[in-house]
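Since the structure comes first, as structure tokens, the remarks are kept for the end.
The values are calculated or read from the model by the stated rules, or taken from the named source; none is laboratory data. None of these values were measured; they are calculated from a predicted model. Virtual Cβ from ideal backbone geometry, glycine too; neighbours counted across all protein chains shown. Side chains are part of the model used for accessible areas, which takes the heavy atoms of the whole protein and leaves out ligands, DNA and RNA. Shrake-Rupley method; radii C 1.70, N 1.55, O 1.52, S 1.80 Å.
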Amino acid sequence: MSNDTPRPERPAKDRGMGARTGNDPTWASYLSSLLYLLSVPLLVFGSYAGHWAGLYPYRLIIPVFGGTMLGLVALAFAVMHVTSG
């Protein structure tokens with residue numbers, strides 16, 4: 001049967017049950033979760049800490065936060081690219 005034949009939508013519970021792989025979590029999955037949970041609070045604190053340390057004026061806190069966030073995302077993508085090779 002063709003794959004483009006419409007099928008009835010399955011309930012969310014059934015879709016979720018099919019997504020389980022049963023594999024144990026890896027260190028990379030734990031690090032990914034930590035990055036997701038801690039990146040914004042730590043970068044906000046770091047941006048303010050740079051201002052408090054006198055590295056830049058108050059008006060640059062948000063641009064510094066944005067730049068460090070982009071840098072962190074680029075670093076995460078680079079690490080994922082290298083390790084998934």
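Using a Förster distance of 41 angstrom, determine the FRET efficiency expected from the C-beta separation of ARG7 and ARG59, and round it to 0.05.
Efficiency, rounded to the nearest 0.05: 0.15.
Leaving ligands and nucleic acids out of the surface, order HIS51, HIS81 by accessible area at 1.4 Å, largest first.
Heavy-atom accessible area, descending, gives HIS81, HIS51.
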